1. Over all directions, how big on average is the projection of the convex hull of the alpha-carbon atoms in the range 505-559, in square nanometres?
2. Give me the net charge for the shell around Leu137: Cβ to Cβ below 9 angstrom, other residues only, Lys and Arg +1, Asp and Glu -1.
3. List every residue whose amide H lies under 5 Å from the amide H of Cys276, counting only residues 5 or more places away in sequence or on a different chain, with H placed 1.01 Å from N in the peptide plane.
4. Over the alpha-carbon set of the chain, divide Rg by the Kirkwood Rh and report the Rg/Rh ratio to two decimals.
5. Based on DSSP H runs of at least 4 residues, each adding -39500 (n - 2.57), what is the mean residue ellipticity at 222 nm of the chain after dividing by all its residues, to the nearest 500 deg cm²/dmol?
6. Between Ala174 and Glu86, what FRET efficiency follows from the Cβ-Cβ distance if R0 is 41 Å, with the result rounded to 0.05?
7. In debye to the nearest 20, how big a dipole does the range 164-309 give about its Cα centre with +1 on each Lys and Arg Cβ and -1 on each Asp and Glu Cβ?
8. How long is the gain from Arg150 to Trp345 if the chain were fully straight, where each residue apart is worth 0.36 nm and the alpha carbon distance is subtracted?
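The values are calculated or read from the model by the stated rules, or taken from the named source; none is laboratory data. Source: prediction; values computed, not measured. No Cβ is skipped: glycine too gets one built from the backbone with ideal geometry, and neighbour counts run over all protein chains shown. Surface accessibility is based on the protein's heavy atoms, side chains included, excluding ligands, DNA and RNA. Shrake-Rupley method; radii C 1.70, N 1.55, O 1.52, S 1.80 Å.
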Amino acid sequence: MKPPHPGKACASGEARSAGLAGPPPVRVVIEGVEPEIDGGRFPAKRIAGDAMVVEADIFADGHDQLSAALLYRHQGEPEWREVRMEPLGNDRWRASFEVTRLGRYEYTIEAWIDRFATWREALEKKLAAGYDVESELLEGALLIEQAAQRAAGADAAWLRERALVLRGSAPQAARAELALRPDLAACMDRYPDRSGAARYDRILRVDVDRERARFGAWYEMFPRSCAAEPGRHGTLRDCEARLRYVASMGFDVLYLPPIHPIGTTHRKGKNNAPVCGPGDPGSPWAIGSVEGGHTAVHPELGTLEDFDRLVAKARELGIEIALDLAFQCSPDHPYVREHPEWFRWRADGSVQYAENPPKKYEDIYPLHFECENWPALWEELKRVVLFWIGHGVKIFRVDNPHTKPFAFWEWLLAEVRSQYPDVLFLAEAFTRPKVMKHLAKRGFSQSYTYFTWRNTKAELIEYFTELTRSESRWYLRPNLFANTPDILHEYLQSGGRPAFQARLVLAATLAGSYGIYGPPFELCETEAIPGTEEYAHSEKYEIRFWDLDRPGNLRDFIARVNQIRRENPALRFDERLRFYPVDNDQLLFYGKSTPDLDNIVLVVVNLDPHHPQSGWVEVPLDEIGLDPHQPYQVHDLLGDARYLWHGSRNYVALDPRTAPAHIFRVRRRIRTERDFDYFL
């Protein structure tokens, strides 16, 4: 009786034989593929030039040897390329391919019974046991002849010659020695018998971005507060004049809050007062007036030509301009008049304004993304993005994306990236963890995080271990903002200048991308509305004049930290972050390194902004490739001091009044041919 097909019930003889025609079932199992985001529903993320490392569990019944290949291609290419996977042990396999182009790649896995490797292993065992292997040599000859039929040219002829030798009359030992030669195994591996191969049942994807998606220092600034003298509304020309100041601190991205016309209806006053006073400029997030909407420039800031000048001048200084993408409208926005169907209308005939009880935002109308005419709305919002791309903007900070449909963002980001794969989107979503992660899966290049609210040693270790070691490392790229116009954390309010320094070092070294809202950050502004995290006299509602040369500012400190970031490639790799022991809960000790260990950075931060702290750090010598019997130098890149350390356990002391952190570069001891030492 024939065996039933796996998974089929057998009600009759006819049923038992049904489905058993054709080739036998595939024996190889492929599972546990990583990365595979939500069963392949969403792509992973990498940077151009990265190695895309893929692992999987691959096994079969019995004891046959297996081979496997990682198949990959840039989306749209007709043919797969492949690289062989290597066994890691315990049925785990790994391979990688380099992603060289922006856009989307596809990958999958194929595995098969390696009949020649299986035969070769059995031959070795029988020879070791002293068996007669004449029959085995004939079986090997047949496998080689079959491979010769799959081969071409010189390889085919070479394989046929080896098969003849195995069938020949030479001494058995000589023929067996030839059968086990590495060159024969290598040639056979080029022409495997992949009949019965298993192909993974999903094609997985990876989106490839440019380097700025992984590494960059962001500076947020309100152009209207850039005037050179107090009492005047700043312009884009004033913002242009301040570019050298931003560049001098080493920032890569200048992020501007909305620069569009601001509505007058229900305009908010200072400190979010419900009624504005004479001359109050309103919130830039209340977008739209008779002067235009999301593709217009606020008249008091200047013109579109002024914006183009700003983008060009920033580019000359190595800075990219990032724009705020806030899809909401003031009551005066042209959309309200021209497309009333794009808004929610309440029963009393008024438009639903934004609110988060007890807070009311009567100056902002949310768009109704599920209205009857939603396709036209979505297309219009895509037009807005493409308009600013046309004016040189390649980075967008997206305001409150969690209040708009997930499907909209997936559609919009895919549409834009299909034309401009170098455009990046930062999700400003301080919301529930699963929502933040899902937005990243839907396509956002970077994400805001809970960094602002993680201040203790335990909180920081737990949170950043999650960001860099869990599955989210494949799709969520953190951008650590130390402060924002909405958030002045109590730690900064009470910690003074040392707190700002410590948080800057943490943000700049824990992640490849970080940002500050300035000038309040570098001027160490600590005044908040009592009992809140809101800045007093917030720039969201009024124009401020900032004395950039005010004593105690952090301009030089920030510039030094950003210079360290640029000179040490280890700080670009979030996934290389590791935390190490130190016997003081007020000290945080961690490190990063390049994959080749050519650049190793160790960081110690005093989390207590009020008191000196000291302790013994445990340096992971084996992990970073240091000889435990040789001294090594750690160069403090902040203060330029150098220390000769021995072994894993070393002493550190940090006084927040002078230096709340060390950023050490590890320098190995090198002995030259002239028999003297120096540190590299």
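1. Details: hull surface 19.6 nm².
Averaged projected area of the range 505-559's Cα convex hull equals 4.9 nm².
2. Within the 9 Å Cβ shell, the charges total -1.
3. Hits under the 5 Å cutoff: Gly269.
4. 1.08
5. Result for the chain: -8500 deg cm²/dmol, rounded to the nearest 500.
6. On the way: r = 32 Å, r/R0 = 0.77.
Plugging the Cβ-Cβ distance into 1/(1 + (r/R0)^6) gives 0.85.
7. Details: 20 positive and 19 negative charges, 121 e Å.
My answer is approximately 580 debye.
8. Between Arg150 and Trp345, full extension yields 63.2 nm more.
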